[in-house]
1. Work through the residues other than A:A64 whose Cβ is under 10 Å from its Cβ and net out their charges, Lys, Arg +1 and Asp, Glu -1.
2. Tell me, what is the 1.4 Å probe accessible area of B:T198, in Å² to the nearest 10?
3. Add +1 for every Lys or Arg and -1 for every Asp or Glu among the other residues with Cβ under 12 Å from the Cβ of A:G20, and state the total.
4. Using a 1.4 angstrom probe, figure out how much accessible area the protein assembly as shown has per residue, in square angstrom, rounded to the nearest whole.
5. Only loop residues by DSSP count here, and only those with at most 16 other Cβ atoms within 10 Å; note down the GluC sites (Glu not before Pro) in chain A that meet that.
6. Using a cut-off of 14 Å between beta-carbons, work out the net charge of the residues near B:R82 (Lys and Arg +1, Asp and Glu -1, B:R82 not included).
7. What's the carbon and sulfur percent of chain B's accessible surface, probe 1.4 angstrom, rounded to a whole number?
8. What's the total accessible area buried between chains A and B, using a 1.4 Å probe, rounded to the nearest 100 Å²?
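The values are calculated or read from the model by the stated rules, or taken from the named source; none is laboratory data. The shown structure was predicted, so the numbers you read here are calculated from the model rather than taken from an experiment. Glycine gets a Cβ as well: all are built from the backbone with ideal geometry, and neighbour counts include every protein chain shown. With ligands, DNA and RNA removed, areas are computed over all heavy atoms of the protein, side chains included. Shrake-Rupley method; radii C 1.70, N 1.55, O 1.52, S 1.80 Å.
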Amino acid sequence: MLIAVILALATGTYGFRVAGVLLRDRLELPEWSRHLLPVAAAALLAALAATAALTEAGGFAGYARPAGVLVGLVLAWRRAPFVLIVVAAAGTTALLRLLGVA
Amino acid sequence: MRTAYRTRDGRILRDVAAIGAAMVAVGASFGAVAVAAGLPAWATLSMSVLLYAGGAQFMAVGLIAAGSPLAAVLAGLLLNARHLPFGLALGGALGPRRWQRLLGSHFMTDEATAFALARPAGPERRRAFWLAGVLLFLAWNAGTVLGVVAGGAVGDPGALGLDAAFPAGLAALLLPGLRDRETRRVALTGAALAVLATPLLPAGLPVLLALAALVLPVLARRRAAAAPDGAAPAHPGGRSADHAGPGDDDESRVVRAGEASC
């Protein structure tokens, strides 16, 4: 049973992954809509980032996490190196939690 | 040319390593959680190797432990449906050969997609995809092994603030692309839709709902087409036949490729 669940999940997920890659060449898209593909990916990634920053299990994630992400965003805005952005975001959230902020 | 690639690879490697370090820790927490929930080690490890999708793995462990394996499959697939549009956007970025596309597809994650799309299309994007894809795969699986072995000794990734690291990293990779007005409008509207829908819809759907924001450019184009004498109104950059093509969304990203850090 367990192995069936894992294989079904793995096969289905790989199917989604490979389908888009292989479809890209066969799909006859009008020229104007082709440039929407990266825009669509950006919308999905932005939605992922926003929901991951703000929500947890369908509710608000608490203040510590969005505060850390906000620090990361400000640093990204100021064109800080990527490593610093990631470390500062995690560090801020960790520090706030250490201080008792949820 | 060779040295140029090497420096750029060095930068991408360093950036990927930051996310990779966080992935080792979260992978370890997955391994520990799965074993604690009663999953055998082989099942935990094969999930990380074969499924390789963090969100779906955590969700599946929870639902399997709760005795609803069918729900685990359905919820996991719903969560992963976003990979199809990622694949459409990446397309040839995985490489020209068939085996590259078949193998590379397995390494497709949110982070690898974001790293790749943040680079200009062509060889640089392909190298970014493969570097991020392979390294993050190794990081996730090394973390899982660590978690299975160390069990409860693995700390809570929340205490390290790692749940803030991933959205911050994604946002940082997206930011340069948002200089393009159309991308910015669609991405911000999509993100707002997803956040608002999160309390109402099952996991996975809110993120897919972000695609609804694509009506904005489509409507803008309709309006532009309906305008008399093609007096192309505010359509960003007049992205019509004149400079359409794979390059046009990349111009703004090239700026980042030159590395904003200097």
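1. On the way: positive: A:R65, A:R97; negative: B:D163.
That sum, taken over residues with Cβ under 10 Å, equals +1.
2. My reading of the accessible area for B:T198 is about 20 Å².
3. Details: positive: A:R17, A:R24, A:R26, B:R82, B:R101; negative: A:D25.
In short, +4.
4. Values: 15850 Å² over 364 residues.
Ligands and nucleic acids excluded, the figure is 44 Å² per residue.
5. Working: sites: A:E28, A:E31, A:E56; in loops: A:E28.
Here the sparse-neighbourhood loop sites are A:E28.
6. Numbers: positive: A:R17; negative: B:D110, B:E111.
Result for the local shell: -1.
7. Values: 7610 of 11030 Å².
Roughly 69 percent, rounded to a whole number.
8. On the way: alone 8290 and 14220 Å², together 15850 Å².
That pair of chains buries around 6700 Å² in total.
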